[in-house]
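These notes concern the structure reproduced below.
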Amino acid sequence: MTPITLTLNQRVVLNTKRLKDKLGLPVNYTDFEFSYLKQKMDISYISEERERQLSRIFGRETEEITGYVAEAEAIAFDERIRQPEVSPDVIGNPMGRTDRITLYAAIRICKPMAVLETGTAAGASATYMLSAMEKNGSGFLYSIDAALDRTHIGCLVPDGLRSRLNLRYGSSLLLIPEIAEKANGIDFFVHDSLHTYEHMTAEYELFYRHRGKAGGVICSHDILMSNAWDHFIKRHRLNCSGVVKNLGICRTKD
């Protein structure tokens, strides 16, 4: 992959946004800026960082987490098998394998009953979460997508996992409270829909108000797209949180 470089003007714009971030102001990053920031990350230590963060957040031994990671790595999953030739702009890019494995391990640790995901797309992340639920022997996934063309939504999810899946279509901001009421609270929430400060914050806060009685877990993909995740964590003084690559993870308490 060709390294992304910034022009002088782009550097000025990015540095201005970084200054706003330091001042505690809301910041959104463009796709280009996001790619540049992501490129700067050191991904050589991801496996170790995943074990360290999950162990700290959930209070589990690294040996247990290593076992769950091995299970996820063994999942036979090919994004090309059932996904038709369609532009990612139509159904969204699938969540990367590294983040899917982290989600799988978190689901295995927490054993949630009600899981809610926004941004289904083709169903790559849903497949890993559903696989973890199958291993747990419990759990149900509500997955929301706002795409107008529903033809390819969830198309990657194997038939054998669909009994634990309820696909919902429409605005996540309207559906999250509705689903939470039906499920008697959300145990595990995954944001992967519109990555703007305003929308991310709205979804985070809806989860926080509708989490299960014992608290819950919130994960957010592509947190580098804005500073909404950092502001949410600080606003609610959530100490059991961490980041693995580009995935934010937090265990809340009631």
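FYI, it's all coordinate maths here, none of it is from the lab. These numbers were taken from a predicted model, which means no experiment stands behind them. All Cβ positions, even for glycine, are placed from backbone atoms using ideal geometry, and neighbour counts span all protein chains on display.
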Grab the DSSP H runs of the chain that are 4 residues or longer, score each as -39,500 (n - 2.57), total them, divide by all residues and round the 222 nm result to the nearest 500 deg cm²/dmol. -14000 deg cm²/dmol
For the range 107-220, how big is Rg over Rh, using alpha carbon atoms and the Kirkwood form of Rh? 0.93
Residue exposure sequence - 196, 102 - by fewest surrounding Cβ within 10 Å: 196, 102
If one builds a Gaussian network model of the chain from Cα atoms under 10 Å apart, the most fluctuating residue listed among 175, 54, 156 is 175
Trypsin sites (Lys or Arg not before Pro) within the range 8-41: which are DSSP loop residues with at most 14 other Cβ atoms inside 10 Å? 40
Within the range 146-254, report the GluC sites (Glu not before Pro) that DSSP leaves as loop and that have at most 11 other Cβ atoms within 10 Å. none
For the range 33-76, which chymotrypsin sites (Phe, Trp or Tyr not before Pro) pass both filters: DSSP loop (anything but H, G, I, E, B) and at most 16 other C-beta atoms within 10 Å? 45
How much length would be gained if the chain were fully extended between residue 61 and residue 198, taking 0.36 nm per residue of separation minus their Cα-Cα distance, in nm to one decimal? 45.7 nm
Pairs 17/38; 40/234; 111/253; 111/245; 111/135: which exceed 21 Å Cα-Cα? 40/234; 111/245
Could you identify which residue out of 201, 151, 62 has the top mean-square fluctuation in a GNM of the chain using Cα springs shorter than 10 Å? 151
Taking 0.36 nm per residue of sequence separation and subtracting the Cα-Cα distance, how much length would be gained by fully extending the chain between residue 214 and residue 70, in nm to one decimal? 49.0 nm
If you average 1/r over all unlike Cα pairs in the chain and invert the result, what Kirkwood radius do you get in angstrom? 18.7 Å
May I ask you to compute the full-extension gain from residue 20 to residue 32, defined as 0.36 nm times their residue separation minus their alpha-carbon distance, rounded to one decimal in nm? 2.5 nm
Please build a GNM for the chain, connecting alpha carbons under 10 Å apart, and tell me which residue among 226, 138, 193 fluctuates the most. 138
What's the exposure ranking of 46, 109, going from fewest to most Cβ atoms within 10 Å? 46, 109
I need the phi-derived Karplus couplings for the range 14-24: 6.51 cos²θ - 1.76 cosθ + 1.60, θ = phi - 60°, integer Hz, Gly and Pro marked x. 5, 5, 5, 5, 5, 5, 4, 4, 5, 7, x
Treat each spin label as a single point 7 Å out from the Cα along the C-beta direction, and report the residue 41 to residue 5 distance in nm. 2.5 nm
Restricting the count to DSSP beta bridges whose residues both fall in the chain, what percent are antiparallel, rounded to a multiple of 5? 40 percent
